[in-house]
Amino acid sequence: MNFSVRLMNNNDISEVAIIERQAFPTMWPPIPFKRELGNKFAEYFVIVCKLDEHLVIPEPQPNTSFLQKSVNKIRGLFFSDKFDAKDSFIVGYLGIWYTLDEAHITSIATREEFRGMGIGEMLLIAAFQRAFQRKSNSVTLEVRVSNEIAQNLYSKYEMIEVGKRKRYYSDNQEDALIMTADDINTDDFYHQIQIKIKKYLDKHQNITLLDDK
Ligand SMILES: CC(C)(COP(=O)(O)OP(=O)(O)OC[C@H]1O[C@@H](n2cnc3c(N)ncnc32)[C@H](O)[C@@H]1OP(=O)(O)O)[C@@H](O)C(=O)NCCC(=O)NCCS
């Protein structure tokens, strides 16, 4: 399998909506992707997973070892009713709104079966690459106080807690942390992020990032 990042388009909406529902089951209303794709102050990216031409996914077996369960899960993805068998599909998405000098990440999610494989990090890298290209001064977002996994990801890219929004989430009145990387257009910050990206690419050989120009 290999993974690459590209801009989202209208044909991606149904797949992305599935990931959105998995990731944010209590969020209402859902993101109006069709409208958002026409919003000139927003950009959405997707990570596309492409299967190797000769990949053979073993038949499911009745035994229940961890490895076998994982194989069955992946097999189920490609050959179940909910997923047409095809050679590429979307495993994550990210949305950004641009204001004057800020890149505001509005949504980021990885397909459940593909979490912990570097997809979320790949999306965040894309956000930073675009923020650098657009000469934004900061990258910011809101995250649930309970969402330590996402917070770990953001801290890895120098985003720090700069404030709180009380009862920001309407489903359970949970507070949001505001996490921000400021002054990102300094040489120092740019180089710090490039080092992280290099480390990431060394670890994940099957990944193609956005063009860095
Ligand atoms: C948050 C989310 C996007 C992370 O995506 P992912 O593809 O699983 O993350 P990655 O595999 O790229 O991991 C990147 C980093 O995230 C953190 N992380 C990921 N999984 C973690 C876990 N189970 N426990 C703790 N930290 C974790 C780590 O810092 C990790 O870096 P490392 O590999 O050096 O440890 C994903 O969990 C998700 O879609 N969650 C539901 C939606 C959501 O909460 N979105 C965030 C809204 S603000």
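Values in this text are rule-based calculations from the coordinates and carry no lab data. What you see is a predicted model, and the numbers here were worked out from it, not measured in a lab. Here the Cβ is made from the backbone with ideal geometry for all residues, glycine too, and neighbour counts use every protein chain on show.
The calculated FRET efficiency for Arg144 paired with Asp87, based on their beta-carbon distance and R0 = 41 Å, is about 0.70.
Most tightly packed first, judged by the mean number of other beta-carbon atoms within 10 Å of their residues, the peptides 130-138, 169-177 read 130-138, 169-177.
Neighbour counts of C-beta atoms inside 10 Å place Phe189, Phe3 in the sequence Phe189, Phe3, starting with the fewest. In this model, which of Lys34/Lys166; Lys156/Lys199; Lys34/Lys156 are farther than 20 Å apart at the alpha-carbon? Violating the 20 Å limit, Cα to Cα: Lys34/Lys166; Lys34/Lys156.
Using a Förster distance of 35 Å, how high is the FRET efficiency between Asp212 and Trp97, based on the Cβ-Cβ distance and rounded to 0.05?
The calculated FRET efficiency here is 0.95.
Between Ile18 and Asp182, what's the calculated FRET efficiency when r is the beta-carbon distance and R0 is 41 Å? Round to 0.05. The value I calculate is 0.75. When Trp97, Trp28 are sorted by how many other C-beta atoms sit within 10 angstrom of their C-beta, beginning with the fewest, the order is Trp28, Trp97.
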